[in-house]
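Shown next, in structure tokens, is the structure this report addresses.
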Amino acid sequence: MKNTCENMLLVGVGGTGCAMARAVDGALGGVRHLLVDTDASSLEGAPCSLLLGAERLGGRGTGGEIVSARLAAEDSAAKFDEFITGVRIAVIAAALGGGTGGGATLELARLLAARGIAVIVFATMPYAFEGEARQRSARGIAPMIAAVAGASFFVPLDELAGGCDEMAAAMEIGRERMGAAIALFWRIVATPGYIRLDVERLRHIVQGAGRGRFAVVKMRGPKRAELALASLASTPLLVEGTNAVRFILCGILAGDDLRLSEIALVADGLKCGFGGGKSEFELATVNDEKAFSGDFCVVAMMFEQPSRTDEAAKPRVPRKGKVSAGRRALMVDTRFKNVEPTIWNDQDLDVPAFLRQNITLEF
Ligand SMILES: Nc1nc2c(ncn2[C@@H]2O[C@H](COP(=O)(O)OP(=O)(O)OP(=O)(O)O)[C@@H](O)[C@H]2O)c(=O)[nH]1
Ligand SMILES: [Mg+2]
């Protein structure tokens with residue numbers, strides 16, 4: 001079955017992001033995708049790629065510098081534009097903790113959003129064993145990416161590859177699982193099913209959706225729906241939210257033996273178990289006997305009510321007609337250019353406090 005979807009673009013950003021995008025295309029085939037990196041080595045052999053900031057960095061990568069990556073992405077913005085003709089949704093795959101996956105993702109997501117393209121970001125957060133510097137870098141950039149993307153998912157690698165003790169294996173498992181999750185998500189949109197989620201509907205859902213959480217489970221056998229629901233209910237990727245769940249997006253992928261009772265069981269379980277019966281719910285199904293014979297896969301995505309810190313990370317936009325001329329003058333691009341952002345308690349301190357806290361100043 002075809003998985004092409006011409007107006008959806010998968011963008012792999014940075015070394016690990018490119019590897020994830022390759023994995024998605026390798027699993028599905030025919031996925032419209034673009035690999036971007038400041039390091040030429042991760043783009044080798046790619047049919048569609050863009051080296052960011054070639055003049056600035058010489059194709060050698062950033063060495064973990066987020067600011068260099070942001071500048072490199074800005075340098076290459078015009079070239080990036082050439083790859084996004086006709087795109088309605090961009091799905092970015094990246095790993096935070098280095099320079100490019102964080103810094104370039106932020107700038108490219110900003111550019112895509114400015115072109116009216118809905119942006120979904122799937123990013124990993126570093127393993128604890130990688131050390132505090134990488135953790136800090138990832139924690140700093142994540143809320144800034146979330147503020148410009150329509151929907152974003154930041155998945156800690158420790159949870160994604162939980163239980164794996166061997167370092168090399170953990171790295172591989174983390175990359176593979178993220179790639180597999182994105183591939184399933186892609187199929188939900190690209191493969192025609194009885195309950196279809198098309199690109200335009202997905203655009204409505206993800207625009208302004210905010211930071212979300214997701215999990216993927218796959219079960220077989222007569223009790224596969226019950227087992228899938230039980231597994232979702234215990235995954236730390238879903239259960240560790242703090243705010244009420246506002247929206248649930250559920251994709252079920254199976255062969256021709258998918259039963260209505262299985263769909264109802266999972267849908268009701270998610271709605272009651274996570275949404276308290278109050279959240280909005282969207283369901284999509286994919287029946288593909290060749291790919292899922294006997295399997296029952298569920299991709300569950302949840303978006304919470306925005307927390308105060310998420311709101312604080314968003315740049316404030318003045319409401320039309322209610323802003324004095326003096327305030328308007330101060331609103332114009334208040335972020336400092338070309339410097340490392342100062343993030344404290346998930347707040348961008350480069351944005352003046354009166355904007356972060358929405359305090360009106362009279363002039
Ligand atoms: N799962 C997995 N994660 C990886 C692997 N290599 C790196 N990572 C993760 O990805 C993060 C970012 O590393 P890279 O992708 O190498 O960095 P980059 O985005 O290319 O950025 P720079 O090279 O610093 O410009 C790391 O902090 C790790 O958490 C891997 O092989 N597997
Ligand atoms: Mg790199």
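The values are calculated or read from the model by the stated rules, or taken from the named source; none is laboratory data. Owing to the predicted nature of the structure, the values given are computational and were not obtained by experimental measurement. Here the Cβ is made from the backbone with ideal geometry for all residues, glycine too, and neighbour counts use every protein chain on show. Protein only, heavy atoms only, side chains kept; ligands, DNA and RNA dropped before computing areas. Shrake-Rupley method; radii C 1.70, N 1.55, O 1.52, S 1.80 Å.
Assorted remarks:
- Here segment 90-174 exposes an accessible surface that is 53 percent carbon and sulfur, computed with a 1.4 Å probe and the other protein chains kept in place.
- Largest-first ordering by accessible area, 1.4 Å probe, given options Asp39, Asp158: Asp158, Asp39
- Ranked by solvent-accessible area (1.4 Å probe, protein heavy atoms only, all chains present), the residues Val148, Val299, Val239 order from largest to smallest as Val239, Val148, Val299.
- Site pair Leu227 and Ala113 shows an inter-label distance of 4.1 nm when each label is modelled 7 Å from Cα along Cα→Cβ.
- The alpha carbon convex hull volume per residue for segment 1-138 rounds to 103 Å³.
- When peptides 161-174, 200-213, 5-18, 246-259 are sorted by average Cβ neighbour count within 10 Å, with the highest value leading, the order is 5-18, 246-259, 200-213, 161-174.
- FRET efficiency, Ala40 to Ala168 (Cβ-Cβ, R0 22 Å, nearest 0.05): 0.35
- Solvent-accessible area per residue, Å², over segment 197-284 with all protein chains present [probe radius 1.4 Å]: 48 Å²
- Distance from the C-alpha centroid of segment 137-209 to that of segment 239-294: 16 Å, rounded to the whole angstrom.
- Here Ala128 and Asn7 are evaluated by their C-beta separation; at R0 = 51 Å the FRET efficiency comes out at 0.85.
- Look at where the Cα atoms of segment 68-115 and of segment 4-33 average out, and the two centres are 14 Å apart.
- Computed on segment 129-247, with alpha-carbon pairs under 8 angstrom and 6+ residues apart, the relative contact order is 30 percent.
- For Cys48, distant residues with modelled amide H under 5 Å away: Leu35
- Normalised convex hull volume, segment 210-304, alpha-carbon set, Å³ per residue: 83 Å³
- Using a simple spin-label model with pseudo-atoms 7 Å out from Cα toward Cβ, Asn243 and Glu55 lie 4.2 nm apart.
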